[in-house]
Amino acid sequence: MILTEDQLQDLLDKSLAELPPGADWAVVLEGSIAEGFGNPSSDIDFLLVARSDDDLPTMPSLLFVDGRRVEIRTRSVRQLADQFRALEKGAGRPGRLSEDLLNRCQRLLNSHPLRGHALVDQVKSLMPRERFARIAADWWAHRARQSLRHATALLCLGEADEAVDWTRAGLVQTIKFWAAGQGETYLEPKWLSLQLDRADHPAVRDRYWELETTAPAPGDPDAARAYLTACLAFAGELGLTGVSARPERLTVERVAQVTTWQTDARVHVVRGRREVFALGESAGAVWRSLVLGRPLPQVLAAASDTGVPEPGRLLATFVRYGLIRLAWKGGGTVTPALPLAAPPGPVTPPPSTAQPLLSVRGAAVGGPEAVDLVPLPAERFAAATMALVWANIVTENAVEDLTGALQRGQWRVAELTARRAVHAALRGLFSAYGVNPLPADTDLVRRIDLLPPATLAIGKRAEELLRRTVASVEQGDDLLADLRDYIARLRGTAGADAFPLSFDSADTWRATLELSYDWVRIGAHLDAELPLEEARDLVASNGAQPHQAA
């Protein structure tokens, strides 16, 4: 130990002097110094144990004593007993065992007693050291398997550089598994070199460092494959089971609450009923090629048949984002994780910056290989797209009404229906930018500042049209022409330029229903507010009119 007993007792006395008086604590030194590691910059970690059933705070107090940083943690006997009980209970499922819990128990079991030795012995006896070493070894073995299986998958998908990184992670976890079996249970890897020296198996130590220091440089898939093979062989020599370089052991599986919705050519994937990913043309083709439950090499071959270059990269992205999962035959889902790092789980990328966000054909994307997170919650995404489609239907209806009113010389009717068309088209524009709920129609022009500056000219044009009056055929014809030009401009901005002329014929109405059905069924699935009650009948009829003969 880098500090003598007298030095530790002196630091303890000075630390306790800064705490409220009266408590009678048993005290241990935890952490790297207690383990026999440490250096002059290492913390002094004191754990104070109370003979009580109290709930003492988990957060440490940080003191500065004689130029050293001292951490003071407190625990009651009941809390320590609960920790060991939880550890034993979770030991059978090492994949779910908390790293924090494992670390707390390890630090206490390997601590150096300073005060209250009898009480310290009592709490340490709650779990034999040999039992803890087995639990720690199983925990590291699980982590190593996950990392090495993930590396195998990445190599199959053509992500060689990332495969090397996970191979190195699996190598560290493998040697920590072996070291725990030798009684070296300290969790943090930074003292690994000292642990291996103390374990006194030079052949194992030297082979580990040889592999650790010869990881291949980026950009060499063949070297990455050879490196994974060598590390897997070493893992097998150390007793790690359940890993191999056979990617056919991996299958591609469905993730709960991940659903696919296609509108026109755009594929949307909804994750957990909360987030929407919009897929570009190439990404959508690879997604549609998926047949879940098949071995990974077969899935990759099917994706390659789409003609998309490097489909493995897209499949790897789907895995990272938690849109599909990989499973090892007989070994469950592959969930790689690193110690003392961010918890494992799906990655959530930054939201897409494409503008406008939505069109009647689907969410905007940044390119053919895009797997873009739509910057709207799933329910708002569905509500906004339904509002976009409905606004365009209302616009078509208003233009038809305006045309009829002008033919009959109904000038007042024409003025009101023209305003209705202006407002409906603006609603479509706001919806395309993800504004939902929408401002009131009377407020739309004033709220144009919610949208990008490029739309300000559209707002000014809307103001002018809303003030127009009609008292003659010529004024009516001019209004209709200007209104059609305004609507075309908005639809071009909002990606609705190909919207069907809904009320022009049976065919255009059928096209409108089909387009509406694509969006309404997403909204119904996500419990979004439907734009009108009749939309429920559209879902119930699978997009057909309810009173049409077969």
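The values are calculated or read from the model by the stated rules, or taken from the named source; none is laboratory data. This structure is a prediction, so every number in the text was calculated from the model and none was measured. Counting neighbours? That spans all protein chains shown, and the Cβs are built from the backbone with ideal geometry, glycine included.
List of remarks:
- Among the candidates 114, 126, residue that is in contact with a helix residue (DSSP H, G or I) (Cβ under 9 Å, 6 or more places away or on another chain), outside any helix (DSSP H, G or I), under 28 Å from residue 5 (Cα atoms) and free of Cβ contacts under 8 Å to residues at least 60 places away in the same chain: 126
- Residue in the stretch 220-230 that is among the aliphatic types (A, V, I, L, M), over 17 Å from residue 147 (Cα atoms) and either without any contact (Cβ under 8 Å) to a residue 60 or more places away in the chain or out of contact with any strand residue (DSSP E or B) (no Cβ under 8 Å at 6 or more places or on another chain) (or both) present: yes
- As for the stretch 437-449, it holds no residue that is modelled with pLDDT under 70, among the small types (Gly, Ala, Ser) and closer than 18 Å to residue 384 by Cα.
- Being buried (at least 16 other Cβ atoms within 10 Å of the Cβ), in the same structural domain as residue 385 (by TED's automatic domain parsing), over 21 Å from residue 354 (Cα atoms) and not hydroxyl-bearing (Ser, Thr, Tyr) holds for only one residue in 481, 418, 440, and it is 418.
- Selection from the stretch 242-265 of residues that are under 21 Å from the mean Cα position of the chain (by Cα) and of a type in the set (A, V, I, L, M): 252, 255, 256, 258
- Considering only residues in the stretch 62-80 that are surrounded by fewer than 16 Cβ atoms within 10 Å (Cβ to Cβ) and not charged (D, E, K, R), the one that is farthest from the chain's Cα centre (by Cα) turns out to be 67.
- Test result for residue 470, among the aliphatic types (A, V, I, L, M), crowded, with 16+ Cβ neighbours inside 10 Å and more than 13 Å from residue 425 (Cβ to Cβ): yes
- Comparison of 353, 260, 306 shows that the only residue that is surrounded by fewer than 18 Cβ atoms within 10 Å (Cβ to Cβ), outside the structural domain of residue 450 (by TED's automatic domain parsing) and under 21 Å from residue 521 (Cα atoms) is 260.
- Selection from the stretch 4-23 of residues that are within 47 Å of the chain's Cα centre (by Cα) and either under 17 Å from residue 50 (Cβ atoms) or surrounded by 19 or more Cβ atoms within 10 Å (Cβ to Cβ) (or both): 8, 11, 12, 15, 16, 19, 20, 23
- Search result, residues across the stretch 30-44 that are surrounded by fewer than 21 Cβ atoms within 10 Å (Cβ to Cβ) and either among the aliphatic types (A, V, I, L, M) or within 22 Å of residue 185 (Cβ to Cβ) (or both): 32, 33, 36, 37, 38, 39, 42, 43
- Breaking point among (1) at pLDDT below 95; (2) closer than 16 Å to residue 336 by Cα, for residue 164: (1)
- Residues in the stretch 299-318 that are farther than 16 Å from residue 260 by Cβ, in contact (Cβ under 8 Å) with a residue 24 or more places away in the chain and part of a helix (DSSP H, G or I): 300, 311, 312, 313, 316.
- Only one of the listed residues (226, 230, 203) is over 19 Å from residue 140 (Cβ atoms), in the same structural domain as residue 146 (by TED's automatic domain parsing) and surrounded by 15 or more Cβ atoms within 10 Å (Cβ to Cβ). That residue is 230.
- All of (1) in a helix (DSSP H, G or I); (2) closer than 17 Å to residue 362 by Cα; (3) small (Gly, Ala, Ser) hold for residue 434 with one exception: (1).
- Complete set of residues in the stretch 268-307 that are closer than 13 Å to residue 369 by Cα, among the hydrophobic types (A, V, I, L, M, F, W, C) and out of contact with any Pro (no Cβ under 6 Å at 6 or more places or on another chain): 277, 278, 279, 283, 285, 287
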